[in-house]
Each structure stands twice: as C-alpha cells, then as structure tokens.
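**Student:** Sharing a structure, written as structure tokens. Questions coming.
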Amino acid sequence: MPIARSLNLRHLWNCVVTKLHILLALYCSQHKVHLCNDHAEVQPNETLTNLKAESDTLKTKLEDERAKLHDVELHQVAEKVDGLGQFIMKTRRTLKGHGNKVLCMDWCKDKRRIVSSSQDGKVIVWDAFTTNKEHAVTMPCTWVMACAYAPSGCAVACGGLDNKCSVYPLSLDKNENLAAKKKSVAMHTNYLSACSFTNSDMQILTSSGDGTCALWDVESGQLLQSFHGHAADVLCLDLAPSETGNTFVSGGCDKKANVWDMRSGQCIQSFETHESDINSVRYYPSGDAFASGSDDATCRLYDLRADREVAIYSKESIIFGASSVDFSLSGRLLFGGYNDYTINVWDVLKGTRVSILFGHENRVSSLRLSPDGTAFCSGSWDHTLRIWA
C-alpha cells in the first residue's frame, strides 16, 4: 500500500472517531449524562444533525479510499496457484465425559492436553492421546462459556454466566482439589464470552456480554486496560500471533470485527461487512489478516494491510451459521464449524470448499488447531469433543 494512501486512510479514520466522540459528548450534554473520559469540545453551532451528516460523509470518503486500493480479487490472484489434491480427514479420537453441551475448548502448548468447558458447569482437562480425564472442576454456575490453557501448561482459565474469569493452577497430583486453589481474576458486569492468556501466564484477556474487552493482571486481579468500542455483546477474541502480542481482534453482536492496540486501549481498525453476529475470529498465521465466522452463514477474510475484506467463504446450500473458525498451520486451509453439525474446509486462496466433515450429532460450538498443526479438535452440543487428522 503506498505510504501516502495509508496515511490518508488513517487520517480519515481518526476524523470519523473524533466526530463520533463529539456526537457522544453532545448527546450526553443534552441528556445530562456524565462521562468520566475527556471528549472533544462541542462547538455551540454544531448540531446533532449536521454532525451526523459530516460523520456519514467521512465514512463514505473512507470507503472510497479503501475502494481505490481494491485493484484485484484474491481468487483472481490465486488462479495460477495449483489446486489442493484429495483431502481426507477423519475422527481419530472421541472425548466423552461432559453431561451437556460443550461450549469451548483449547489446546495446551505441549500438543497433547486439551481443556474443555460445558453447559454442565464442568471444566475438564483431557489427555488427547489416551482420551483419559486428568482433571475435572465443577464451577459454581452452568454455561461455562470460555476456557483457555496458560502458555506454560500449568494453569487453566475459565468463566461464563458467573461474569468472572477464574484461574486454576494444575499439578501432577490428579486427586488434588483444584477448586481450593481457584483465583478469581476478572470481573465483568455481564457473562464472560471468551478468554485468552497473552504470551505469559501473568496476563489474561477477556471479552464479555457487557460489550467490553479487558486485560487483567493474573496475580493481583488488577484491571490493566479496558477496550470500549462494541455496541453490543462481544462474543469472541483472538490475540495476534507475534512475540510482542500487542494487538488482538474481537467480534460481537454488533456485526463488527475490531482490531485493538493493547497498549493504548484504542480501536485501530474496524470491519463491518457481516450481516449478523460474529461468533468467532482467528488471526492468519502470519498475523497480516484474520478470518471471522458469523450467523449469516459465511466466513470472511480481512487483510489488515489493505484494510478491507478480501474473501467470502459461502455456498447457497449453507444456510446455518458458522460458530467457530481456525486456519491450518500453513494458512492455506480454513476450518469452519457450523450449526448444521458439519465442519467445512475451505481453500483460503481460491475460496472453494475442499471438504465437508461429518460426525457430530449437534452444532459444532468450538474448533481449534493443535499447536503442531497435525490435527484439530472440535467441541459440540452433542456433549463430545472429536480430534480429526
């Protein structure tokens, strides 16, 4: 992208954000709502109507600038790329033990252990090779909607309708009472929808039905940074795959996917092309793009450098929402778990479906690739997890 155009896009985006702050300040002054944050000063001659009009004009200019950079479609570039050969994946392990819908799962960095959470209020740590259960924790609430493994493999985090994110340290003693060592780290004002450790065990990122994301210190439970920008429930998040890990992407019920700077707390990019809730977001392995899955029955690919959507993965025969997405290690394949009990495998470059995987007997709620890329695990409302390879 030429530097001048990139700066122009950034300037337009900053103008839009500034005007939205002015609109918010004006609304609050008219309705006697107090804001703790400082916003742009409202000029007396600026009315709500002409501010809205100016904001819409700036948005239109922003879209025009994006369109100028849209010189070629991704599938046109990929025409010269060889197609994928025969694609065969099947269920290699089935993990049974939950008494209700599996809502979330995550791999340990050791490529062997998996943590899963369920509507039955249980959090289970599995050995994916033997299918044995290594640890089980009963949460104080049902609908444990989020879980995550710490990078060290020595702790797991989870939460849900209790509005909290709790961290449980793991030990070699499988009979140890993990609940006694529970540490409540994060507290939202609505349900916890997703959580993810940063590149250390000391910080954790959460998203919530209260419309916010937040960064917390695990040891002290202190709020380090909050992220405000979604207009409805935030359903998912994913941390950028870099050593510094200074950005993350979130998606929610406002149909937006927002990219955030963890240091400043600011939204640095926003994409709004889905037609319904965004259930899942996942960074491309290089960190230059991300995919999203939505209730509008599509998965989409966004290029962060071009600042736009570059591909839509859909078929007329697919009418059910996509609940979870993840990339293969090379980035050539996109796995999507759907509410019609299937997993669709897409060729990222060509935009075509290369395979459809059957096995689950209810909607696929969660899907994650193993750290070494040799397999992926899916969780479902049929109470089971399946490992595919």
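**Student:** Any idea how far apart residue 132 and residue 79 come out in nm if each label point goes 7 Å out from Cα toward Cβ?
**Tutor:** In this crude label model, residue 132 to residue 79 measures out at 5.7 nm.
**Student:** Out of the total accessible area of the chain (probe 1.4 Å, heavy atoms of protein only), what percent is carbon and sulfur?
**Tutor:** On the way: 8970 of 18070 Å².
Solvent-exposed carbon and sulfur of the chain make up 50 percent of the total.
**Student:** Another one. Once the Cα atoms of helix 3-30 and of the chain are each reduced to a long axis, what angle between those two axes, in degrees from 0 to 90 to the nearest 10, is obtained?
**Tutor:** 80
**Student:** Additional query: Could you list the trypsin sites (Lys or Arg not before Pro) in the stretch 257-317 that lie in coil according to DSSP, counting only those with at most 15 other Cβ atoms within 10 Å of their Cβ?
**Tutor:** Qualifying residues, ordered by number: 263, 305, 315.
**Student:** Next question, about the same structure. For the pairs 122/350; 52/256; 59/109; 182/256, flag any whose C-alpha to C-alpha distance is greater than 30 Å. All intermediate terms of the calculation are to be shown ahead of the outcome.
**Tutor:** Numbers: 122/350 40 Å; 52/256 20 Å; 59/109 42 Å; 182/256 34 Å.
From 122/350; 52/256; 59/109; 182/256, over 30 Å: 122/350; 59/109; 182/256.
**Student:** Which residue fluctuates the most in the chain, going by a Gaussian network model with Cα springs under 10 Å, if the choices are 228, 98, 360?
**Tutor:** Top of the fluctuation ranking is 228.
**Student:** Please name which of 131, 148, 365 has its Cα lying farthest along the dipole of the chain towards the positive end, using unit charges on Cβ (Lys, Arg +1; Asp, Glu -1) and the Cα centre as origin.
**Tutor:** Of 131, 148, 365, it is 131.
**Student:** Something else about it: In Å, what is the Rg of the alpha-carbon atoms in the chain, and how long is Dmax?
**Tutor:** Considering the chain through its Cα atoms, Rg and Dmax are 21.6, 71 Å.
**Student:** Please report the net charge: other residues with Cβ closer than 12 Å to the Cβ of residue 153, K and R +1, D and E -1.
**Tutor:** 0
**Student:** For the stretch 298-389, state which chymotrypsin sites (Phe, Trp or Tyr not before Pro) are in a DSSP loop and have at most 12 other beta carbons lying within 10 Å of their beta carbon.
**Tutor:** Answer in residue order: 358.
**Student:** Please compute the per residue accessible area over the stretch 222-268 with all protein chains in place, 1.4 Å probe, rounded to a whole number of Å².
**Tutor:** Working: 1970 Å² over 47 residues.
Heavy-atom accessible area per residue stands at 42 Å².
The values are calculated or read from the model by the stated rules, or taken from the named source; none is laboratory data. No experiment lies behind these values; they were computed from the predicted model shown. Virtual Cβ from ideal backbone geometry, glycine too; neighbours counted across all protein chains shown. Accessible surface is based on the protein model in full, side chains and every heavy atom, while ligands, DNA and RNA are left aside. Shrake-Rupley method; radii C 1.70, N 1.55, O 1.52, S 1.80 Å.
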